[in-house]
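Worksheet: the structure to be examined is printed underneath.
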Amino acid sequence: MDLSYGSRYDDFREEVRSFIETHRHLAAPDWDVSDRTKLQEWQQLLIEQGYVGRTIPKQYGGYGAEPDILEARIIADEFARAGITQGFSGQGIAYLMPALLAMGTDEQKERFIPPTLRAEMLWCEGYSEPNAGSDLASLKTSAVLDGDEWVVNGQKIWTSTAESADWMFCLVRTEPDAPRHKGISFLLFSMKSPGIEVVPLKTMSGTHQFNEVFFKDVRVPKDQIVGQRGDGWKVANLVLEHEREDLGDPNFTQQRLNFLIDLMKTETVDGRRLIDIPVYRDRLMQFQAEVMALRFNDLRLLSAKLHNKNATLASMVMKLQGCEVRHELEGFAIDVLGEHGLLYEDAPYVRNDGSWQANYMFNLGLIIGGGTAQIQKNIISERGLAMPREPRPAS
Amino acid sequence: MDLSYGSRYDDFREEVRSFIETHRHLAAPDWDVSDRTKLQEWQQLLIEQGYVGRTIPKQYGGYGAEPDILEARIIADEFARAGITQGFSGQGIAYLMPALLAMGTDEQKERFIPPTLRAEMLWCEGYSEPNAGSDLASLKTSAVLDGDEWVVNGQKIWTSTAESADWMFCLVRTEPDAPRHKGISFLLFSMKSPGIEVVPLKTMSGTHQFNEVFFKDVRVPKDQIVGQRGDGWKVANLVLEHEREDLGDPNFTQQRLNFLIDLMKTETVDGRRLIDIPVYRDRLMQFQAEVMALRFNDLRLLSAKLHNKNATLASMVMKLQGCEVRHELEGFAIDVLGEHGLLYEDAPYVRNDGSWQANYMFNLGLIIGGGTAQIQKNIISERGLAMPREPRPAS
Amino acid sequence: MEFGLSQEQTLLQDSVVQYLNGAAPLDRIKRFVNNCEPRADDVWSGMVDLGIPSLIIAEEHGGIGCELLDAALVAESLGSCAAPVPFAATAVMVPWAIAEAGSDEQQLRWLPKLAEGEVIAGAAVTEAISTRLDAGVHANGDTLSGRALFAIDFEADVYLIADRDLSLYLVDADASGLRRRPLTTIDKTRRYGELVFENVQADRLPGSSDPEVCRRVIDAGRIILAADTLGASQRMLNKAVNYSKERMQFGRPIGSFQAVKHMCAEMAAQLEPCRAMMWYAAHAFDARPEEARLTICHTKSHLSEVGKFIARTSTEVHGGIGFTDELGLHYWFKRIGANRQLLGGPTQLREEAAMRQGLVEA
Amino acid sequence: MEFGLSQEQTLLQDSVVQYLNGAAPLDRIKRFVNNCEPRADDVWSGMVDLGIPSLIIAEEHGGIGCELLDAALVAESLGSCAAPVPFAATAVMVPWAIAEAGSDEQQLRWLPKLAEGEVIAGAAVTEAISTRLDAGVHANGDTLSGRALFAIDFEADVYLIADRDLSLYLVDADASGLRRRPLTTIDKTRRYGELVFENVQADRLPGSSDPEVCRRVIDAGRIILAADTLGASQRMLNKAVNYSKERMQFGRPIGSFQAVKHMCAEMAAQLEPCRAMMWYAAHAFDARPEEARLTICHTKSHLSEVGKFIARTSTEVHGGIGFTDELGLHYWFKRIGANRQLLGGPTQLREEAAMRQGLVEA
C-alpha cells in the first residue's frame, strides 16, 4: 500500500494548480457550445499545455505524451477541485477518438482527430433506436451502398447534443442477411447532410437533453466507415466501455453528499436542524458509507490500471451501484426537505436550484440508460461470475 | 363496510369464550404428541363441541355444521387469544382431509377421516425430494403396480412429523412415460410399512423439525390411491393451496411485534430504553405499518370468502409478503438487542428463549419452503398479472 | 360483516374513472400543465355533475352525506387518472371542518356552495404539522398575520387556515391584506401556493378551539393523499404490466423475462395489501375514531414508501420511453412524489404513530 | 502509488486459506461445534507455525512487525474458512494494546508468548462501547470488580479488560475472584463469555490513561470483524454461484434463471466495493490515523449490512439444502451475524461516524 503519488507527481499537481489559478478566467463551460470561439480558444490553450489530448500523437494535433494514469487523474482531480471544466470533452473526444485510434485508417485519423480535438468538429452518438434499447444489436437503421455512397434510412433516439453537433458517429445495418451482431457497421457523417431531421426529446424532468434523429436517404461517402463492413459492433463496444465507466462516478456523488450535509446543517424544521434529527442522520451516514465504498473502489481501479492488475468485477459493478446510490441519495434529500423538496424550477424557496428533484429524475434515467440495471446484472452474472446464459428459446 | 359480526356471532363468540374458560386446563398442546391420550381426549371434547371438524359430516365423525366462515374465524381467534391450542391440527386434518373430501372415495372417507379427526391417525406429507424442490413435478419416487400392491422406492425430504406420524400421504410417479405432471399419483400408506426409514434432518437453527424418509420396496395396497392414476398433481394442488395460506399469517407476526414492543420498552442500552432510540423507533413503526397492511388484507380475504368475492391477487401475495416481514422483523429484534441478540439456547441472559434468533432462521426457511419467494413471484406475475411465461428453452 | 366495497362504491369509482378517461385524457392533462392553467373548468364541471364536491356534505346542505371512505375512493380514482382538479381541500378537508366546527351561519353560507362546486376552497394547514422557514400564521382576535406554505387546492375562492394554536379560520381569496403566490412544484397536475397575511380579516370556526378538530382535518387530508397514491400506483403498475407485454426486445416481450416479471410481482405484492389498509383507515375515520389517527398515519407513510418504489420500478420497466415527457408516465410519478411530501412525510408520520401509542417519551 | 495488495499479502492470505482447507475443513468445524471444544489446538498449532499470532508484534518481541492491514487480510481468510480459532483479541487487540500502552516489563512478559501462540489472550471491552444489563467493570486502585460481557476469544489464558474510564488492564484467567462463564451464541465457531470480577488483582497498562488507546483497540477489533465478514460473505457468494451452476431444476441449472443470476449479481455488486473499503480502513489505522475512526466505523457498519444481505440471499439461492445443518452453510451465516452485533452494531457505528465529523450536537 502506498497512497502517495510521489514527488514527481506532486510537482506535476502543483504545475496544474498554478496553471488553473492563472488561467481560470478563460475557462469555457463545456455544456455551453453557443460561444464556439471561446470554447475553442480555451481548448487550444489546454492542448498546448497538455491537459487535453495529452496522449494523442502530435501528428493528430495532440500533446504526444506517454500515457500516464496518474497524470491523467491529477489533471481531472485538479480541474474538478477548482470547479472549472477540463476543456471540451464531448462524445467525439471522450468516445469516438479512442475508437478511431484503435480501428480507424490513417486517413481517418488525420482527417477527424485534429478538428475533433480542437472542438471544431462536435460529435453526437447515433446508437439507440426506439425498438433497439436494451437489445441494441437489433437496430434497424439501414445503410445500403449505392455506387460510392451509403444511403442511410431510419431513426435514432436518445441522441444528446444532436442539435449542436457537426457530425455523428452512427451504427447502421449494412448486412441485413448476416447474423444480428455481424450485420452492423460504424459510419461517420456530417449532421448537415441532406435528409437529417433533429427533433428535441423532452424528458420527465422537463429539460431537452436528448433528441430523436430521423434519416431519409442520407448519402454518406463510402470511405466514412470505421473498420470493415460488419465490424460496427466491435467498434461500438470500444465506445460503450468508456461510456459505462463514466456513469455513476462516485466523486460526483461525494460532491452531492457534501452539498446535502451542508443543507442539513442549515435547514431547520420546527426550529431543529435537519442534521439533528437522528433518523435522518442515520440514513445520511448510511449514504456516506456507501459512497465511501465506491470511492475507494474507484481508487482501487486507478491503481489496478496503473499496475496492470485485474479488477474486472470491481469495474463492472460501478455503474450499477454508482447510479443506484446517486438516485437514492437525491430522493433522500427530497425527503428531508419535506414539502420544500417538491419545489421546482422558478419556485420561490427552491433549494439548490431544484437540483435534488432534477437529479432524482435524471439519475433514474442513468439507471435505465447506458445499459439498464437489468442488463448490468446480466453482464455481472455472466461475465463477472461466469454464470450460464439463459437458454435460447425454442422458436 | 360493516366491521361488526352481528349479534348472532357475538353470542357465538361468548359461547366459545366461556367454553375455553371452563376447559382450558384440559388443553393439550398440538406440538406435543407424546401423550396421545391427553391429545385425543382434548380433541374429542372439541369435536363434540364443534370446534374441531366443525363442517365435517357427522357420518365421518365430524360435527356436521354448515360451513360458516365467521364461526370458523371466531373459534380460531378465541383460541389464539386464550393462547391455547385449538385441538390437534396436524397435516392430516389441515391438508389431507379437505383433499379426501373433495377427491376420495366413500370408502376412503369412511376409513381415514374419522380416526384422523380424532387424532388417532397422525399424518405426514411426502412431497419434496432432494432433486424436486421448486420443480416439484420432477419428483422421482416411484410406485410400480405389482399384483394388488404398489411397490414404492425412492426418497422424500423436508418431511415434518415423519418421526411421530402413523401414516403418510405421498406423491409418487406411477406413469413414467406420461408428461411430467400427468405421471404422478397420490398414495396413502402406513409409516409402519416395512421398508420405510426415517432419518432426522437437522436445520441451521439446530432443531430437528424435519426428516428425510427413504422407501425401499414399500408395499401399499392398490386401493390406497386418492383419485385415479396420474391424478396426483391435481390432488396435491388442493393441499398446497391450503398450505400456502397458512404461511406468513399476519396475526402471528402481530404477536411477535407486540412482544418486541414490550421488550423495547423494558430493555435498555446505556440506561436508555430501546424504544427511546429514535432510529429504532422509526424502524419499529415501519414494521407496524407493514404488519397492519397485511392484517387488513387478511380481513379483506375473510370478507371476500364470506361474500364469494374475488380477491385472488390479495390472497396470492400473502405468503411472499408475510414471510418477508416476519423474517425482517426477527432480524430487527436481534439488532436492537445488540450483542445480547447473539445469545442462544441455554445461554444466560438470553431473551425470549432465543426465539428471535430461532425465528430469524426459521422464517428464512419459510421464505424458501412451500414455494420459494422466486416461485411465488413467478406465480404472482403469471397468474395474478397475466404476464407471459418464460419461453420454453430450445433443447 | 362486510369488509369490502359496496356495489355503489365500485360504481362511484368506475364512473369517476370513466368520466375522466373521456374528459381528461393525457392530452388534456398535458394542456393543463403546459399552459399553466389555474383551473381546468371543463374537467371540474363534469366532476360537479357527478356530485363529487358534494360527496361528504350532509343532505340538508345539498350534499350526498357519504362517509370519508367514499371520498377516499374518489381520490383513488383521481390519482389513477392524474386528474387536474382540486379535491382534497375543497371536497373533503374544508367541508368537513365547516360541518364539524362551523357555526350554523357558516355552514349555511358555505356548504351548499361547496356542494354545488360553485366555490372552490383551498386549505393551508402545513404549519399545524411542522414549521420550516419560519412560516406560520398567528391570530390577533379575528385578524391573521404571517405566512402559510403549500396551500392545497391553491386556485381557490376561499381558504381554510390553521393558526399556531390549531384554530381554524376561513379567509376569502380576495380578502384585503392577503397575498397569494403560486409555488411551482414537480406535480403540475394540481396547484399549490403560498399565502401571506398582513392583518387579514378572518372568519373563525367557533368549534375549532379544540385542536383535535384541526388534527382531524389533517387526518382526513392525509387519507385522501394516501388514496390518491394508491390509485396512481395501481395505474403505474398496470401500465408497466401492459407495456411489458407489448415491448419486444431480444425477440420476445420483455414481460417474459424473469427480471421484469419479478419487478412487476414485487410491485403487486407490495401494493395489493395497501388497498385493504386504505379502506380500513378511511372507514375508521368515521366509524372507529379511536383507531383512526394511528391507522391513517401508518396508511399514508406505508403507501408513500410503496408508491415511491412503484413510481421508480414502473419507470424502469418502461425503459427509455418511461423517461420521456411524451409518454406522460411522469405525471403519475410526480403525483406520487408530491403526495409523499405533503401533510407529513413518512418519518414524521411514523413518529406521530409512535406518539399516538404512548411510545415517545414526553 | 499503489492501492492494492502486495504479492506477499496475497501469498499470506492464500497460505492461511490453504492451511485451513486442510486442517479445518467442514468436518473439523462440525466436530469443534458439536463437541463444544473450548479450543481446537490442532488447528491453532498450524496457525502458530504460519506465524499468525506474531503478525503485528514487533520483531524485537519475536513478531513479524506487520501492519494492521495484514492482520485484517488474515481475518478475511479466517472468515472465508469459518475458522474455529481465536484471532481478533489474541493476535490483534491485546498485543496492539500492550505494545502501545504496556510498560517495558509488560511487553517483555507478554508479547513474546503471544507471538509464540503459547498464551491466548481474550478481550472484554464491550462496555467501553455501550452498557446493557448494568454490566461494566470498575477499578479501585489495581483491583477490578463488576461484570464484563461478550469477551472475545473467551477460552484464553489472560484477558484485556476495559474499565468504565476506558483504562485497560490485564488479568490472568485463573486470578482469584474471577469467575468465567461461557455464553452460548449462534456463532459456535468462536467462543464468547462473561467475566465476573470480585476484587480481582489486575495489571494496569500504564499508557492507557488516555482513553484514545482503548478506542484504538476497539477500532482495531472492528476492522478485524469487518474483514472476517468480508471473507465469509465472499465465500457465501462463491458457494451460491457454484451451487447455482450444479443444481438442476426444470431441466436446467438454476443459475441460468434470471432471478438467480440477478440475486448473485446483486451480491457481487454490493460486496466487491467493500474490498477496497476494508483495505483503506485497515491501512488508515496505521498510515492515516486521522481518517481511521471514520473509515473503520463506516467499513464495519457497511459490511454488516452487505453481509446480512448476502447471508440471507446465498441461503435463498441454495434453497432447502442451504437451510440444513448438514451443508454447514449456516456457520458462515451465523459468523456474519455475530460480527454484525459485536463491538457495535450498524446504528451505533453510524452515530459514532457522525460524532467523529462533529455532526452530533453535544
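The values are calculated or read from the model by the stated rules, or taken from the named source; none is laboratory data. Keep in mind the model is a prediction, meaning the values are calculated, not measured. When we count neighbours, we look across all protein chains shown, and the Cβ atoms used for this are built from the backbone with ideal geometry, even at glycine.
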Of all residues in the stretch C:141-155 being in contact (Cβ under 8 Å) with a residue 12 or more places away in the chain and surrounded by fewer than 24 Cβ atoms within 10 Å (Cβ to Cβ), the one that is farthest from the other protein chains (Cβ to nearest Cβ): C:Asp142
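Can you confirm whether C:Asp325 is surrounded by fewer than 21 Cβ atoms within 10 Å (Cβ to Cβ), more than 9 Å from chain A (Cβ to nearest Cβ) and not basic (Lys, Arg)? Give the steps one after another, and end with the answer.
Values: surrounded by fewer than 21 Cβ atoms within 10 Å (Cβ to Cβ): yes; more than 9 Å from chain A (Cβ to nearest Cβ): no; not basic (Lys, Arg): yes.
When the stated conditions are applied, C:Asp325 does not pass them.
Just one of C:Ala269, C:Ala284, C:Ala292, C:Ala311 is more than 21 Å from C:Glu246 (Cβ to Cβ) and in contact with a Ser or Thr (Cβ under 9 Å, 6 or more places away or on another chain); which is it?
Values: C:Ala269 fails: in contact with a Ser or Thr (Cβ under 9 Å, 6 or more places away or on another chain); C:Ala292 fails: in contact with a Ser or Thr (Cβ under 9 Å, 6 or more places away or on another chain); C:Ala311 fails: more than 21 Å from C:Glu246 (Cβ to Cβ).
Sole residue among the options that is more than 21 Å from C:Glu246 (Cβ to Cβ) and in contact with a Ser or Thr (Cβ under 9 Å, 6 or more places away or on another chain): C:Ala284.
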Checklist (1) surrounded by fewer than 24 Cβ atoms within 10 Å (Cβ to Cβ); (2) within 9 Å of chain A (Cβ to nearest Cβ); (3) not hydrophobic (A, V, I, L, M, F, W, C) applied to D:Gln234, failing item: (2)
Those residues of the stretch C:87-103 which are assigned to a helix (DSSP H, G or I) and aromatic (Phe, Trp, Tyr) amount to C:Trp96
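Go over the candidates D:His318, D:His298 one by one and state the one that is surrounded by 23 or more Cβ atoms within 10 Å (Cβ to Cβ), modelled with pLDDT of 95 or more and either within 18 Å of D:Glu351 (Cα to Cα) or within 11 Å of chain B (Cβ to nearest Cβ) (or both). Please lay out each step first, then the result.
Numbers: D:His318 fails: surrounded by 23 or more Cβ atoms within 10 Å (Cβ to Cβ).
Answer to the check: D:His298.
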Filtering the stretch B:278-288 down to residues that are free of Cβ contacts under 8 Å to residues at least 24 places away in the same chain and hydrophobic (A, V, I, L, M, F, W, C), which residue is surrounded by the most Cβ atoms within 10 Å (Cβ to Cβ)? B:Met285
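Return yes when C:Asp219 is under 16 Å from the mean Cα position of the chain (by Cα) and of a type in the set (Asp, Glu) and no when it is not.
Working: under 16 Å from the mean Cα position of the chain (by Cα): yes; of a type in the set (Asp, Glu): yes.
It is true that C:Asp219 is under 16 Å from the mean Cα position of the chain (by Cα) and of a type in the set (Asp, Glu).
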By my count, strands (runs of 3 or more DSSP E) wholly in the stretch B:132-207 with at least 1 residues that are among the β-branched types (Val, Ile, Thr) and without any contact (Cβ under 8 Å) to a residue 24 or more places away in the chain are B:196-201
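Here's a check for you: in the stretch A:264-284, which residue that is more than 28 Å from the chain's Cα centre (by Cα) and of a type in the set (A, V, I, L, M) is farthest from D:Ala362 (Cα to Cα)?
Residue satisfying both the conditions and the ranking: A:Val269.
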Only one residue in B:Val336, B:Val317, B:Val291 is within 14 Å of chain C (Cβ to nearest Cβ), modelled with pLDDT under 95 and buried (at least 21 other Cβ atoms within 10 Å of the Cβ), so which one is that? B:Val317
Considering residues that are crowded, with 17+ Cβ neighbours inside 10 Å, not in a strand (DSSP E or B) and not small (Gly, Ala, Ser), the number found within the stretch A:218-228 is 1
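Looking at the stretch B:341-349, can you tell me whether even one residue there is under 30 Å from C:Ala265 (Cβ atoms) and either within 14 Å of chain A (Cβ to nearest Cβ) or buried (at least 23 other Cβ atoms within 10 Å of the Cβ) (or both)? Can you show your working first?
First, the residues of the stretch B:341-349 that are under 30 Å from C:Ala265 (Cβ atoms): none.
No: the stretch B:341-349 contains no residue that is under 30 Å from C:Ala265 (Cβ atoms) and either within 14 Å of chain A (Cβ to nearest Cβ) or buried (at least 23 other Cβ atoms within 10 Å of the Cβ) (or both).
Among what's in the stretch D:167-189 and is away from chain B (no Cβ under 14 Å) and touching a helix residue (DSSP H, G or I) at 6+ places or on another chain (Cβ under 9 Å), pick the residue that is surrounded by the fewest Cβ atoms within 10 Å (Cβ to Cβ).
Looking only at the stretch D:167-189, we keep the residues that are away from chain B (no Cβ under 14 Å), and these are D:167-178.
Now drop any that are not touching a helix residue (DSSP H, G or I) at 6+ places or on another chain (Cβ under 9 Å), which leaves D:167-170.
Numbers: D:Ser167: 23, D:Leu168: 30, D:Tyr169: 23, D:Leu170: 21.
Only one residue fits best here, namely D:Leu170.
Could you list, in sequence order, the residues of the stretch C:305-314 that are in contact (Cβ under 8 Å) with a residue 24 or more places away in the chain and either in contact with a Gly (Cβ under 9 Å, 6 or more places away or on another chain) or at the interface with another protein chain (Cβ under 7 Å from one of its Cβ atoms) (or both)?
In the first step, residues of the stretch C:305-314 are kept if they are in contact (Cβ under 8 Å) with a residue 24 or more places away in the chain; the result is C:305-311, C:313-314.
Within the stretch C:305-314, C:Gly307, C:Lys308, C:Ala311, C:Ser314 qualify.
Confirm whether C:Arg293 is in a helix (DSSP H, G or I), surrounded by fewer than 24 Cβ atoms within 10 Å (Cβ to Cβ), under 18 Å from the mean Cα position of the chain (by Cα) and facing chain B (nearest Cβ under 8 Å). Spell out the reasoning first.
Details: in a helix (DSSP H, G or I): yes; surrounded by fewer than 24 Cβ atoms within 10 Å (Cβ to Cβ): yes; under 18 Å from the mean Cα position of the chain (by Cα): yes; facing chain B (nearest Cβ under 8 Å): no.
Spelling it out, it is not the case that C:Arg293 is in a helix (DSSP H, G or I), surrounded by fewer than 24 Cβ atoms within 10 Å (Cβ to Cβ), under 18 Å from the mean Cα position of the chain (by Cα) and facing chain B (nearest Cβ under 8 Å).
Output the residues belonging to the stretch B:160-173 that are touching a Leu at 6+ places or on another chain (Cβ under 8 Å) and not basic (Lys, Arg). Give the derivation first.
Step one: of the stretch B:160-173, the residues touching a Leu at 6+ places or on another chain (Cβ under 8 Å) are B:161, B:164-173.
Of everything in the stretch B:160-173, those that are touching a Leu at 6+ places or on another chain (Cβ under 8 Å) and not basic (Lys, Arg) turn out to be B:Thr161, B:Ser164, B:Ala165, B:Asp166, B:Trp167, B:Met168, B:Phe169, B:Cys170, B:Leu171, B:Val172.
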Looking only at the stretch D:245-274, filter to residues that are at the interface with chain A (Cβ under 7 Å from one of its Cβ atoms) and not in a helix (DSSP H, G or I); which one of those is farthest from A:Phe296 (Cα to Cα)? D:Arg252
Output the qualifying pairs, or none if there are none: Cβ atoms under 6 angstrom, residues six or more apart or on different chains, first residue in the stretch C:265-279 and closer than 16 Å to B:Leu385 by Cβ, second residue in a helix (DSSP H, G or I) and of a type in the set (S, T, N, Q). C:Ala265/B:Ser381; C:Met267/C:Thr313; C:Ala269/B:Gln321; C:Leu271/C:Ser233; C:Pro273/B:Asn297
Give the residue, chosen from A:Lys305, A:Lys309, that is within 27 Å of D:Met1 (Cβ to Cβ), among the basic types (Lys, Arg), surrounded by fewer than 19 Cβ atoms within 10 Å (Cβ to Cβ) and at the interface with another protein chain (Cβ under 8 Å from one of its Cβ atoms). A:Lys309
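Assess whether A:Phe252 counts as being within 22 Å of A:Gln376 (Cα to Cα), aromatic (Phe, Trp, Tyr), surrounded by 20 or more Cβ atoms within 10 Å (Cβ to Cβ) and out of contact with any strand residue (DSSP E or B) (no Cβ under 8 Å at 6 or more places or on another chain). Explain how you work it out, then say what you get.
Numbers: within 22 Å of A:Gln376 (Cα to Cα): yes; aromatic (Phe, Trp, Tyr): yes; surrounded by 20 or more Cβ atoms within 10 Å (Cβ to Cβ): no; out of contact with any strand residue (DSSP E or B) (no Cβ under 8 Å at 6 or more places or on another chain): yes.
Here the answer is no, as A:Phe252 does not meet what is asked.
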Please determine, by comparing only the residues of the stretch D:328-362 that are at the interface with another protein chain (Cβ under 8 Å from one of its Cβ atoms) and outside any helix (DSSP H, G or I), which one is farthest from the chain's Cα centre (by Cα). D:Glu361
Filter the stretch B:319-344 down to the residues that are in contact with a strand residue (DSSP E or B) (Cβ under 9 Å, 6 or more places away or on another chain) and not small (Gly, Ala, Ser) and list them by number. B:Val336, B:Leu337, B:Glu339, B:His340, B:Leu342, B:Leu343, B:Tyr344
Any idea how many residues of the stretch D:192-219 are outside any strand (DSSP E or B) and either buried (at least 24 other Cβ atoms within 10 Å of the Cβ) or touching a strand residue (DSSP E or B) at 6+ places or on another chain (Cβ under 6 Å) (or both)? 6
Among the residues of the stretch D:333-340, is any among the β-branched types (Val, Ile, Thr), closer than 30 Å to B:Gly133 by Cβ and in contact with a Leu (Cβ under 7 Å, 6 or more places away or on another chain)? no
